[in-house]
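> Dumping the structure here so I can ask a few things about it.
The values are calculated or read from the model by the stated rules, or taken from the named source; none is laboratory data. These figures come from a predicted structure and were not determined experimentally. Using ideal geometry, Cβ is built from the backbone for each residue, glycine included, and neighbour counts are taken over all protein chains shown. Accessible surface is based on the protein model in full, side chains and every heavy atom, while ligands, DNA and RNA are left aside. Shrake-Rupley method; radii C 1.70, N 1.55, O 1.52, S 1.80 Å.
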Amino acid sequence: MKIAGSVALVTGANRGLGQIYARELVSRGAAKVYGAARDPGAVGEPGVVPVRLDITDPAQVAEVAGQCADVSLLVNNAGVMKASTFIGAPNLDAARVEMETNYFGTLSMCRAFAPVLAANGGGALINMLSVTSFYTNPLDASYGASKAAAWSLTNGVRIELAHQGTLVVAVHASFIDTDMASLADVAKDTPESVAQQVFDAVEAGQIEVLADERSRFVKASLPRDHELIYPPVQEFWDAAIKGSA
Ligand SMILES: NC(=O)c1ccc[n+]([C@@H]2O[C@H](COP(=O)([O-])OP(=O)(O)OC[C@H]3O[C@@H](n4cnc5c(N)ncnc54)[C@H](OP(=O)(O)O)[C@@H]3O)[C@@H](O)[C@H]2O)c1
């Protein structure tokens, strides 16, 4: 699919990766880019049309699908990460917000926009997932569960929408330099690099983007995950527990 001339909608376009997705779409010649955000007043990217949208609010999702009926490229970028463990978290609040946003919110957007994409020739649907869709890191365990659920939904939606010619792209990334990863003192990819890889993939008709070395390693290691992925994660966790004791 060509980005030039397409009509795109990006969720969570007010900051972080979503803002850069919107910028990249404008620079690649999209005819219109809707920047959806809980606070549309915070969408300041030049050339982007602000739209009010909380993806966890079904009435808003339905309203936006009606209002933006010309969309041919949907970027489900909005997400939350509460750095919550499974056992140590005080309650299920963080896990529920993550699942409500990253899984149910994304699912709700896919359902609302499937007929819109069909009416506009099939188009493309991009779901922003994570390397933690593939494995569990105890530091952001419930976030990983929500991204694993969103990976599953992406694979299912691709099958359900194949008949209408919609390209469904799964994007997996490790750390990206945005607010979400601000507390992690590690090497991070730039949001620009991720956005460029994603829209290159859309133009090339590819269904998966593994945006960095860590994501490529983890995906390739899944058949031997308990040998290659989990032992260092356990070591890291044990050291973190010792350090905080
Ligand atoms: N940063 C990373 O290391 C990393 C790595 C892999 C994947 N990702 C994924 O990349 C995507 C973008 O994250 P980011 O790094 O740009 O994080 P970020 O800087 O925290 O931005 C998150 C965006 O999502 C929006 N959002 C959250 N809940 C929403 C809701 N219910 N409805 C509408 N918008 C909502 C936020 O809006 P408000 O301003 O209103 O809060 C904000 O625009 C997320 O799906 C994230 O899980 C991030």
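> Hey, how many Å between the Cα centroid of region 162-237 and the Cα centroid of region 117-141?
10
> Which far-off residues, 5 or more places away or on another chain, put their amide H under 5 Å from the one on residue 130, with H placed in the peptide plane?
The answer is 173.
> Let me have the 222 nm mean residue ellipticity of the chain computed from DSSP H runs of 4+ only, each contributing -39500 (n - 2.57), with the sum over all residues rounded to the nearest 500. Before the final figure, lay out each step's value.
Numbers: 9 runs with 105 residues, N = 245.
So the helix-based figure for the chain works out to -13000 deg cm²/dmol.
> I've got another one for you. At 0.36 nm per residue, minus the direct Cα-Cα distance, what do residue 63 and residue 228 gain on full extension? Give it in nm, one decimal, please. Don't jump to the answer; show the numbers that get you there.
Values: separation 165, 0.36 × 165 = 59.40 nm, distance 4.58 nm.
Extra length from residue 63 to residue 228 when fully extended: 54.8 nm.
> Using just the Cα positions, wrap the chain in a convex hull and report its mean projected area in square nanometres, one decimal place.
Taking a quarter of the hull surface, the average projection is 13.0 nm².
> Still on this structure, I have one more. Mind listing the long-range amide H neighbours of residue 169? Cut-off is under 5 Å, sequence gap 5 or more, other chains count too, H placed in the peptide plane at 1.01 Å from N.
Correct list: 125, 126, 127.
> Here is a follow-up. Which pairs break 28 Å Cα to Cα here: 32/188; 32/219; 82/219?
Over 28 Å Cα-Cα: 32/188; 32/219.
> With the crude spin-label approximation of a point 7 Å out along Cα→Cβ, what separation in nm comes out for residue 93 versus residue 216?
In this crude label model, residue 93 to residue 216 measures out at 4.2 nm.
> With all protein chains present, calculate the accessible area of residue 169 using a 1.4 Å probe and round the result to the nearest 10 Å².
Spelled out: residue 169, probe radius 1.4 Å, area about 0 Å².
> Taking a label point 7 Å from the Cα of residue 186 along the Cα→Cβ vector, which residues of region 97-137 have an amide N closer than 18 Å to it?
Answer for region 97-137: 129-137.
> Hey, what do the phi angles of region 96-113 turn into as Karplus ³J(HN,Hα) couplings, whole Hz, using 6.51/-1.76/1.60 and θ = phi - 60°, x for Gly and Pro?
Working through the residues one at a time gives 5, 4, 4, 5, 4, 7, 6, 9, 5, x, 5, 4, 4, 5, 4, 5, 5, 9 Hz.
> Tell me, what ³J(HN,Hα) does each residue in region 156-165 have, in order and in whole Hz, if you take phi through Karplus 6.51 cos²θ - 1.76 cosθ + 1.60 with θ = phi - 60° and put x for Gly and Pro?
3J(HN,Hα) across region 156-165, in whole Hz: x, 4, 4, 5, 5, 9, 4, 4, 9, x.
> Then there is this: Once amide H atoms are placed 1.01 Å from N in the peptide plane, what residues at a sequence separation of 5 or more from residue 34, or on another chain, have their amide H within under 5 Å of its amide H?
Close amide H contacts, sequence-distant or interchain: 8, 9, 10, 49.
> Over the Cα atoms of region 96-167, compute the convex hull volume and normalise it per residue, giving Å³.
Values: hull volume 4.9 nm³, N = 72.
Convex hull of Cα atoms, per residue: 68 Å³.
> Report D for region 175-245 in µm² per second (integer): Stokes-Einstein, Kirkwood Rh on Cα pairs, 10 °C, 1.306 mPa s. Write out the running numbers ahead of the final one.
Numbers: Rh = 14.5 Å.
Using the Kirkwood radius from Cα pairs, D works out to 110 µm²/s.
> Evaluated at 4 °C with a viscosity of 1.567 mPa s, what Stokes-Einstein diffusion coefficient in µm²/s does region 19-164 have when Rh comes from the Kirkwood expression over alpha-carbon pairs?
The calculation lands on 81 µm²/s.
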